[in-house]
Each structure stands twice: as structure tokens, then as C-alpha cells.
Amino acid sequence: MKKSDLKFFENLLDERKEQIQKNINNTLKDMQELQKTQLSDDADHASVNSDKLTKHAISKQQAIELKEIEYAKNKIKEGRYGICEMCEENISFQRLKVKPHAKYCIVCREIIEKQNK
């Protein structure tokens, strides 16, 4: 992969990392505000608990994505970025544009998804 392509993907990864960190911080602030809310009935309690569970699930998924982004950035530094971890073929440029932290090419990703079902 060309240096200009690597720089492009590094910038994409950095932008996504920054957005996720903002999302997580906003979610934490929202959850803190929910805890301060005066609840008047069971419906309010149920609504707040539902919101907390949803926000927690989203934050957990975004924390996983942050780790994947850091892993991809390390692969750039090591010169292994854009290579499928299963078949060792190049991951398509288009796939990396959609998911710059992808570990697998489309074919191998489909194989893994079928195995996990």
C-alpha cells in the first residue's frame, strides 16, 4: 500500500477515534444527568433504566471499536495494515474505506460469521 493511502487511512482512524471518544464522554454525561433526575413513578424508573441500558450497550460497543482502531493504527506502524489476518491477502481499498479497522477481507469475514452462527 502506498504511503499516501496509509496516511489517508490513519487520518480516517484518528477521526473515528475522536468521534467515538466524544460519543462516550457525552453518554457518560447523559448517564450522570439521569442519575440526578427526580423520578416520580414506576414508568419514569422504567424509562430511565431502559435509557441507561441502551447507553451502556452503545458505549460498550464503541469501546470495543476503539480497541480495534488502536490495533489498526499499530498495524500501520508495523507495516501490516490492509492485509487479511486469515488469508494474508490484501483487504480491498473499498472495504477499508468503509471499515478502516477491518482485520479480514470480505470472503474471510463471511467465513468467520458463518462459523460464529
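Of the residues that sit in the stretch 55-92 and are of a type in the set (S, T, N, Q) and surrounded by 13 or more Cβ atoms within 10 Å (Cβ to Cβ), which one is modelled with the lowest pLDDT?
Among them, the one singled out is 59.
Looking at this structure, is residue 10 within 13 Å of the chain's Cα centre (by Cα), part of a helix (DSSP H, G or I) and at pLDDT 95 or above?
It is false that residue 10 is within 13 Å of the chain's Cα centre (by Cα), part of a helix (DSSP H, G or I) and at pLDDT 95 or above.
Just give me the residues in the stretch 93-117 being assigned to a helix (DSSP H, G or I), closer than 20 Å to residue 14 by Cα, among the aliphatic types (A, V, I, L, M) and without any contact (Cβ under 8 Å) to a residue 40 or more places away in the chain, in sequence order.
Answer for the stretch 93-117, where residues must be assigned to a helix (DSSP H, G or I), closer than 20 Å to residue 14 by Cα, among the aliphatic types (A, V, I, L, M) and without any contact (Cβ under 8 Å) to a residue 40 or more places away in the chain: just 98.
The values are calculated or read from the model by the stated rules, or taken from the named source; none is laboratory data. It should be emphasised that the depicted structure is a prediction, and the values quoted were computed from it without experimental measurement. Using ideal geometry, Cβ is built from the backbone for each residue, glycine included, and neighbour counts are taken over all protein chains shown.
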